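Student: Dropping a structure here in structure tokens format, bear with me for questions.
The values are calculated or read from the model by the stated rules, or taken from the named source; none is laboratory data. Predicted, not measured: the structure shown is a model, and the values here were computed from it. We place every Cβ from the backbone using ideal geometry, glycine too, and count neighbours over all the protein chains shown. Areas reflect the complete protein model, heavy atoms only, side chains present, ligands, DNA and RNA absent. Shrake-Rupley method; radii C 1.70, N 1.55, O 1.52, S 1.80 Å.
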Amino acid sequence: MKRQFVLILALVLAFALAGCVSGGNMYSSVMGQYYLKQRDYKDGVKVFEERLKQDPQDHTASYYVGRYYLALNKPDEAMPYLKKAAELDPQNAEYQFWIGVGYWAKFEFDKEKEAYEKTLALDPDHISANLYLGHGYTDGKQWEKALEKYDKVIKLDKYNPEALYNRAVALGGLGRDKEEIAALKKFLKYYPDGSLAMRAALRLNLQGDFSYRNFIIGKRNVTLRTMAFKPGTNDLEQESKESLHVISAMMKEKEELALHVVAYKDGDAAAAKARAKAVRDYILAGNPGFDPKRLPLSWFGTAEIVEKKDKTFTLDDSVTFITVVR
């Protein structure tokens with residue numbers, strides 16, 4: 001790390017001597033990012049507060065001290081520095097944005113919103129300001145305004161995960177159920193893992209769509225594509241196989257993990273049995289070292305009854321996974 005630090009300082013001096021930028025601004029810009037990336041916030045505060053004693057007009061140094069204090073969860077200490085940076089460089093949209101983040105950390109949400117609006121007045125394409133303003137509108141159930149902001153973010157950043165997910169939430173708030181379902185599936189196509197994926201799958205399920213489901217696999221909550229079969233057969237669709245690859249990887253990682261494969265087919269127990277076996281056989285075919293006892297089977301010629309929050313759903317054709325407790 002010390003060698004990296006020396007190299008960074010050497011670059012700063014080289015650029016300054018070459019006349020590319022003022023030495024002070026270059027130093028503050030480069031070293032400011034350095035301390036952020038290293039997450040060395042306390043040392044960053046010390047270095048840049050000393051820097052400000054030498055040059056109180058260095059808006060970049062003031063900005064980074066504010067950022068470090070925010071990272072240390074000290075918004076009261078951060079705000080004077082962020083505001084000072086914005087006063088010294090009033091056309092800098094990034095400074096206005098972080099003032100908004102500071103107000104958010106202080107639970108002053110009206111002032112947060114004003115700061116984001118000032119940011120967008122300076123830079124209408126500021127992605128984070130549009131996104132966070134959308135979140136504020138979502139919190140206030142101002143669905144049309146939220147949707148407008150999320151659409152703006154997606155226009156600027158096509159695969160932004162927060163915008164894709166929250167756009168679906170806004171559509172749901174507007175009662176545009178079919179569009180919400182399509183938006184949730186689009187999000188899950190790109191981001192099938194993590195807490196947002198779990199929330200997206202739950203929202204889908206509450207709409208009566210079970211193309212994705214959340215399962216407890218071992219000690220983890222996992223979002224998976226529902227097991228689907230080619231029409232009139234017990235052959236798995238490709239997207240379902242991809243979910244089984246996820247399960248296989250988890251079983252490789254945890255040799256003690258065992259999963260009960262449970263299939264339902266209303267009015268056709270034989271088909272349910274065949275489908276449970278097809279799921280197990282696919283996993284075993286790709287993992288010949290697995291003991292089949294780690295994948296016990298059950299099947300029922302009835303529908304699966306699923307309860308989600310205060311709703312009950314009947315799934316005529318489904319496969320579920322239950323972690324075996326040993």
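Student: Cβ-Cβ under 8 Å, sequence separation 6+ or interchain: first residue in region 254-275 and over 11 Å from Val319 (Cβ atoms), partner acidic (Asp, Glu) and open to solvent by 50 Å² or more (accessible area, probe 1.4 Å). Which pairs?
Tutor: Asp266/Asp316; Asp266/Asp317
Student: Somewhere in region 125-139, is a residue among the hydrophobic types (A, V, I, L, M, F, W, C), open to solvent by 50 Å² or more (accessible area, probe 1.4 Å) and more than 21 Å from the chain's Cα centre (by Cα)? If you could, list the steps in order and put the result at the bottom.
Tutor: Filtering region 125-139 down to residues among the hydrophobic types (A, V, I, L, M, F, W, C) leaves 127, 129, 131, 133.
Those left that are additionally open to solvent by 50 Å² or more (accessible area, probe 1.4 Å): 127.
This time we only want the ones that are more than 21 Å from the chain's Cα centre (by Cα), so: none.
No - not one qualifying residue is present in region 125-139.
Student: Could you go through region 159-170 and let me know if any residue there is in a loop (DSSP other than H, G, I, E, B), more than 22 Å from Glu307 (Cα to Cα) and either open to solvent by 10 Å² or more (accessible area, probe 1.4 Å) or of a type in the set (Lys, Arg) (or both). Let's see the steps before the verdict.
Tutor: Keep residues of region 159-170 that are in a loop (DSSP other than H, G, I, E, B), which gives 159-160.
Keeping just the survivors that are more than 22 Å from Glu307 (Cα to Cα) gives 159-160.
From what's left, either open to solvent by 10 Å² or more (accessible area, probe 1.4 Å) or of a type in the set (Lys, Arg) (or both): 159-160.
Yes, region 159-170 contains a residue that is in a loop (DSSP other than H, G, I, E, B), more than 22 Å from Glu307 (Cα to Cα) and either open to solvent by 10 Å² or more (accessible area, probe 1.4 Å) or of a type in the set (Lys, Arg) (or both).
Student: Restricting to region 179-205, give me the number of residues that are touching a helix residue (DSSP H, G or I) at 6+ places or on another chain (Cβ under 9 Å) and in a helix (DSSP H, G or I). Steps first, answer last, please.
Tutor: Pass one, region 179-205, residues touching a helix residue (DSSP H, G or I) at 6+ places or on another chain (Cβ under 9 Å): 179-188, 190-194, 196-197, 199-201, 203-204.
Adding the requirement that they be in a helix (DSSP H, G or I) leaves 179-188, 190, 196-197, 199-201, 203-204.
Residues meeting the conditions: 18.
Student: Can you find a residue that is touching a Ser or Thr at 6+ places or on another chain (Cβ under 6 Å) and under 19 Å from Gln207 (Cβ atoms) anywhere in region 297-304? Please lay out each step first, then the result.
Tutor: Of all residues in region 297-304, those touching a Ser or Thr at 6+ places or on another chain (Cβ under 6 Å) come to 303-304.
Among the residues that remain, those that are also under 19 Å from Gln207 (Cβ atoms) are: 303-304.
Yes; the residues of region 297-304 include at least one that is touching a Ser or Thr at 6+ places or on another chain (Cβ under 6 Å) and under 19 Å from Gln207 (Cβ atoms).
Student: Tell me, yes or no, whether region 291-300 has at least one residue that is in a strand (DSSP E or B), under 22 Å from Asn234 (Cα atoms) and without any contact (Cβ under 8 Å) to a residue 24 or more places away in the chain. Walk me through how you get there before you give the answer.
Tutor: Going residue by residue through region 291-300, those that are in a strand (DSSP E or B) are 297-300.
Checking the rest, the ones that are also under 22 Å from Asn234 (Cα atoms) come to 297-300.
Still in the running and without any contact (Cβ under 8 Å) to a residue 24 or more places away in the chain: none.
Within region 291-300, not a single residue is in a strand (DSSP E or B), under 22 Å from Asn234 (Cα atoms) and without any contact (Cβ under 8 Å) to a residue 24 or more places away in the chain.
Student: So, one more: Report, by residue number, each residue of region 42-52 that is open to solvent by 50 Å² or more (accessible area, probe 1.4 Å) and under 12 Å from Tyr68 (Cβ atoms).
Tutor: Our first condition is that a residue be open to solvent by 50 Å² or more (accessible area, probe 1.4 Å); within region 42-52, this holds for 42-43, 46, 49-50.
If the condition is that a residue be open to solvent by 50 Å² or more (accessible area, probe 1.4 Å) and under 12 Å from Tyr68 (Cβ atoms), then Lys42, Asp43, Lys46, Glu49 are the ones that fit.
Student: Right, something else. Residue pairs, Cβ under 7 Å, 6 or more apart or interchain, first in region 175-192 and closer than 13 Å to Asp209 by Cβ and touching a residue at least 12 places away in the same chain (Cβ under 8 Å), second open to solvent by 40 Å² or more (accessible area, probe 1.4 Å) and in a helix (DSSP H, G or I). List them.
Tutor: Ala183/Arg167; Leu184/Arg203
Student: Something else about it: Given the criterion open to solvent by less than 70 Å² (accessible area, probe 1.4 Å), of a type in the set (A, V, I, L, M, F, W, C) and either in contact (Cβ under 8 Å) with a residue 60 or more places away in the chain or part of a strand (DSSP E or B) (or both), identify the matching residue among Val246, Val222.
Tutor: Of the residues listed, the single one that is open to solvent by less than 70 Å² (accessible area, probe 1.4 Å), of a type in the set (A, V, I, L, M, F, W, C) and either in contact (Cβ under 8 Å) with a residue 60 or more places away in the chain or part of a strand (DSSP E or B) (or both) is Val222.
Student: Pick from region 285-317 the residues that are open to solvent by less than 80 Å² (accessible area, probe 1.4 Å) and of a type in the set (D, E, K, R): which of them is farthest from Ser211 (Cα to Cα)?
Tutor: The selected residue is Asp291.
Student: Can you tell me which of (1) within 20 Å of Ala200 (Cα to Cα); (2) part of a helix (DSSP H, G or I) is the one Lys141 doesn't meet?
Tutor: Condition not satisfied by Lys141: (2).
Student: Return only the number of the condition from (1) modelled with pLDDT of 95 or more; (2) open to solvent by less than 90 Å² (accessible area, probe 1.4 Å); (3) not in a strand (DSSP E or B) that Thr320 does not satisfy.
Tutor: Result: Thr320 passes all but (3).
Student: Turning to a different aspect of this structure: For region 145-155, indicate whether the set of residues that are open to solvent by less than 50 Å² (accessible area, probe 1.4 Å), out of contact with any helix residue (DSSP H, G or I) (no Cβ under 6 Å at 6 or more places or on another chain) and farther than 30 Å from Glu253 by Cβ is non-empty. Before the answer, list the steps.
Tutor: We begin by selecting, within region 145-155, every residue open to solvent by less than 50 Å² (accessible area, probe 1.4 Å); these are 146-147, 149-150, 153-154.
Restricting the remaining residues to those that are out of contact with any helix residue (DSSP H, G or I) (no Cβ under 6 Å at 6 or more places or on another chain) gives none.
The answer is no; no qualifying residue exists.
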